[in-house]
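A quick write-up on the structure given underneath.
Coordinate-derived values only; no laboratory data. Remember, predicted model here, so these are calculated numbers, not experimental data.
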Amino acid sequence: MAYRKYVGGFALSLALVLSFGSSPAAAVSPVAAGCTTEGASGYLQIDNWTNPGAKIKVHMEITDSRKDGHHVQMRLVTKRHGDVTHYWPWRMNAGGHGETVVVRTTAKDDRGIFEAGMQIARFDKKNKQLNSCSDWA
């Protein structure tokens, strides 16, 4: 059974989990994920995740937390039918230390979105990934 984090004080009862499983149709909207790694932190919130074929609303907060001359990128990560991982395009924060970039977009996958999460990473000037973390909603 997948573990989901809920924002806004929402809770999912055991009866609901047993009735519907851990599919997004059983999720209380919104769901969230987030993590922090050296020099970067990210937060993801997903709304309108009513079924695997839904067009979800994606809210990402990408924060550069280290004064080191490197930039931070974050992306949505989803699981398609058959447990296939789909890595969505990176979104960049090149604003420097202390800056947070907010990205609002939508996502829809014809092969379904059965799980969703995020990955945030710090990159050097040549775009080499230095470190990262990820979390699932």
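Key figures
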read-out: Kirkwood hydrodynamic radius (C-alpha pairs) into Stokes-Einstein, the range 32-108, 20 °C and 1.002 mPa s, D in µm²/s; value: 161 µm²/s
read-out: Entries of Lys57/Lys108; Lys79/Lys108; Lys67/Lys126; Lys67/Lys128; Lys57/Lys79; Lys55/Lys128 with Cα pairs more than 20 Å apart; value: Lys55/Lys128
read-out: For the range 95-105, Karplus couplings with θ = phi - 60° (6.51, -1.76, 1.60), whole Hz, Gly/Pro x; value: x, x, 3, x, 8, 10, 9, 9, 10, 10, 8
read-out: HN-Hα J in Hz across the range 57-69 - Karplus 6.51, -1.76, 1.60, θ = phi - 60°, x for Gly and Pro; value: 8, 10, 10, 10, 10, 10, 10, 8, 10, 9, 7, 9, x
